[in-house]
Structure formats: C-alpha cells, structure tokens
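All remarks here apply to the structure that follows.
The values are calculated or read from the model by the stated rules, or taken from the named source; none is laboratory data. From a predicted model like this one, the values you see are computed outputs, not experimental measurements. Backbone-built Cβ (ideal geometry, glycine too); neighbour counts: all protein chains shown. The area values use the complete protein model at the heavy-atom level, side chains included, leaving out ligands, DNA and RNA. Shrake-Rupley method; radii C 1.70, N 1.55, O 1.52, S 1.80 Å.
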Amino acid sequence: MTGPVEERPGKGAPTEGAPSEGAQTEGAQAEGGGQRRSGLRNPDKAVRGLGAGTLALEALVLLLAIQPIRVVGGDLSGAAIAAIVALAVACVALAGQMKRAWAWHAGTVLQGLLLLSGLLHWSLFALGVMFALVWAYALHVRRVILG
C-alpha cells in the first residue's frame, strides 16, 4: 500500500471530510420523512434495471434451452417450441417497458404462462418454477427499495 490507511467511520476517528454519524442519520430522516433511504442515487432506475435484467436473462435461457430439451428430454413439439419463442419475445418486450407500472404485473403473468407451458413439456414447468422464484425475489427487492 502506498497511501495512508483510512479508518472507517464508526470504528475510531472519522475520516477527514466525512460527516459524523449523527449528521448522516438526521439528513436521512429529513430527506426520507423518517424512513431510511436505500443509499442508491436513483432507486427507481435500479429497480427497473433489476426487472429488465431478470426478464432479459429469462429470454436468453428460454431460447438456449430449446436444443438441450430436444436432445435430452425427447418429444418437444412444434407448439412447445412456438410457446418458448413467444415467451422469450414477450420477455424482451417487457424488459423494454419496465418504466411502466403495469410491466411488473405483466411480468408476473408471464411467469404464470411459463408455468402453464409446463403442460406442453415437463422441463418448461421446471424452468417456470425457477424463474417464478427469481421473479418473486425481484418483486421483494422492489418492495424493499421503493417501499
């Protein structure tokens, strides 16, 4: 290490230019109306990014899963492939609409549709369960950050 070692606030002397802990608490209460802020510069944008990233990842996994399901799982009908492609396109479309409040509800419906596509092939149900859990976690994070 070439520079001086700085101590963390609260573990000794505060670093130079850093506000005291009391000043941080008062500022957070004044800005948030008594609630603790998330610490993010733009919490709305961060949550939108989480939702869009989740849906984009889901679309990618769905499209990449077609061939392994065909090889390992056997009978993947044309209807199942069409459902996978339609769900992936819907995921990408919703990822671009995460600014809208209804997009979160549509994402939840999309997870239900993926679960229902399990009627076409059992592996789609397994993917639906996994992504429904991921989506539920994203909704939980959204609720915690935005309140």
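Can you tell me which of V109, V92, V61 is part of a helix (DSSP H, G or I), exposed (fewer than 14 other Cβ atoms within 10 Å of the Cβ) and among the β-branched types (V, I, T)?
Working: V92 fails: exposed (fewer than 14 other Cβ atoms within 10 Å of the Cβ); V61 fails: exposed (fewer than 14 other Cβ atoms within 10 Å of the Cβ).
Exactly one of V109, V92, V61 is part of a helix (DSSP H, G or I), exposed (fewer than 14 other Cβ atoms within 10 Å of the Cβ) and among the β-branched types (V, I, T), namely V109.
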Exclusive hit being of a type outside the set (A, V, I, L, M, F, W, C), within 26 Å of H140 (Cβ to Cβ) and modelled with pLDDT under 95, set R100, R70: R100
Output for segment 64-89, where each listed residue is of a type in the set (V, I, T) and open to solvent by 40 Å² or more (accessible area, probe 1.4 Å): V71, V72, I81, V85, V89
L64 in contact with a Lys or Arg (Cβ under 6 Å, 6 or more places away or on another chain) and more than 17 Å from A132 (Cα to Cα): no
Residue tally, condition more than 23 Å from the chain's Cα centre (by Cα) and without any contact (Cβ under 8 Å) to a residue 12 or more places away in the chain, over segment 49-71: 4
